[in-house]
Amino acid sequence: MLGLKELRQHVRGDLHIGEPLADHTVARRGGPADVLVIPEGKADFCRSILYFQKSDQPFRVVGTGSRLNDGGAGFRGAVILSHRALQGVSVTAGRVIAGAGTLLSDLPLEMALPEALPERHTEGSVGGALSMRCCSFCSELYGQVEWLELFRNGEARRVKPDGFGEGEVILSVAFRLGRKS
């Protein structure tokens, strides 16, 4: 069993044992996770990841869960939900900064998005869209990225879009306002 007592000492938020993911995702899909972590803030989110990395326990980060489909089998290990800890949007100095857990539908109109938000993405998160790049909308959105804040090697680091690697966790992102020229 994962050391939940220790995790609770370091991470603010909700911890659940055997909780169905369907109760916490917008798609209302997903079987039980051995441990479900819903961190309160960004620091708690990062401490959660670090805890599972250091204890060599399997974990998965899930945004809103709009594309989650585990067939009801659930997840052996921990699931860390980002939607509470990584929300928020600000518009400053020619850029939009959004937390990875922010809904795509909450991005401001000033962004002049590349095309209309596809219906299937209205409940998707910024982090999910940029990680998966599953369609032309997501790929074009990625083309507007100025920098990504990633959780890498135990700390938050800003990288240029070409510095984002497979399996890395996005914390926040800065988009250039307007279309990419």
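The values are calculated or read from the model by the stated rules, or taken from the named source; none is laboratory data. Note that the structure is a prediction, hence the values are computed from the model and not measured. Neighbour counts run over all protein chains shown; Cβ positions are idealised from the backbone, glycine included.
Of the residues making up the range 147-163, those that are more than 18 Å from Ala85 (Cα to Cα) and in contact with a helix residue (DSSP H, G or I) (Cβ under 8 Å, 6 or more places away or on another chain) are Trp147, Pro161. Residues that are free of Cβ contacts under 8 Å to residues at least 40 places away in the same chain and among the small types (Gly, Ala, Ser) within the range 23-46 comprise just one, Ala43. Within the set Asp56, Asp44, Asp23, the sole residue that is modelled with pLDDT of 95 or more and outside the structural domain of Cys135 (by TED's automatic domain parsing) turns out to be Asp44. Residues that are of a type in the set (Phe, Trp, Tyr) and either under 15 Å from the mean Cα position of the chain (by Cα) or modelled with pLDDT under 90 (or both) were ranked within the range 143-181; the one that is surrounded by the fewest Cβ atoms within 10 Å (Cβ to Cβ) is Phe164.
Annotation: of all residues in the range 1-42 being assigned to a strand (DSSP E or B) and touching a Ser or Thr at 6+ places or on another chain (Cβ under 6 Å), the one that is surrounded by the fewest Cβ atoms within 10 Å (Cβ to Cβ) is Pro39. Of the residues making up the range 43-62, those that are within 12 Å of Leu81 (Cα to Cα) and outside any helix (DSSP H, G or I) are Phe59, Arg60, Val61, Val62.
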